[in-house]
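Worksheet: one structure, shown below.
The values are calculated or read from the model by the stated rules, or taken from the named source; none is laboratory data. The model shown is predicted, which means the values in this text are computed figures rather than measured ones. Neighbour counts run over all protein chains shown; Cβ positions are idealised from the backbone, glycine included. The area values use the complete protein model at the heavy-atom level, side chains included, leaving out ligands, DNA and RNA. Shrake-Rupley method; radii C 1.70, N 1.55, O 1.52, S 1.80 Å.
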Amino acid sequence: MPGAARRLYRRILLLHRALPAALRALGDRYVKEEFRKHKAAGPAEAQRFLREWENYAAVIQQQINEDKQNSREKTVYGIQLTEEKLHDFRDEQIGQLKELMDEATKPDKKIGISKDSEHKT
């Protein structure tokens, strides 16, 4: 699975090139950190990790395409997490989500992300 992970990693970083600069920097940093953390994951965890990041890549690709088609409105990137999805998170993931939200919603950031938009790993 290392080849699949590497291809997905590269695909996500390529997709991030189409994002606003601040969101790209935040996303790239997060993706690099998460892929590094999961290098030694077991097969089941690795499969789930890759599936979630594949879903993320598909959502971002769709939102980038919509942004290109709708140049008049500002695109909000990410997805709204359901309460059910949040219950699946481990405490560590909730902490990461909070840190990511705090970083993304800092007053000096000029990115289109809502407080309840994020992606989990």
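Legend: distances between Cα atoms for LYS39/LYS106; LYS32/LYS98; LYS39/LYS68; LYS37/LYS68; pairs beyond 25 Å are LYS39/LYS106; LYS39/LYS68; LYS37/LYS68.
Hey, with R₀ at 30 Å, roughly what FRET efficiency would GLN47 and ARG72 work out to, going by the Cβ-Cβ distance, to 0.05? Efficiency at R0 = 30 Å is approximately 0.15. Highest mean packing first, where packing is the average number of other Cβ atoms within 10 Å per residue, the peptides 15-25, 40-50, 82-92 line up as 15-25, 40-50, 82-92. Within the set (1) 2, 7, 5, 5, 5, 5, 5, 4, 5, 4, 4, 4, 4, 4, 4, 3, 3, 3, 3, 3, 2, 2, 2, 2, 2, 2, 1, 1, 1, 1, 1, 0, 0, 0, 0; (2) 2, 11, 22, 22, 17, 12, 8, 4, 2, 0; (3) 2, 10, 21, 25, 21, 14, 6, 2, 0, the number that P(r) over Cα pairs in 5 Å bins from 0, in percent takes when calculated for this structure is listed as (3). For ILE79, the amide hydrogen comes within under 5 Å of the amide hydrogens of GLU118, counting only partners 5 or more places away or on other chains and with H modelled in the peptide plane. Basic side chains Lys and Arg get +1 at the Cβ, acidic Asp and Glu get -1 at the Cβ, and with that the dipole of the chain about its Cα centre reaches some 680 debye. Computed over protein heavy atoms with a 1.4 Å probe, the accessible surface of the chain works out to 66 Å² per residue.
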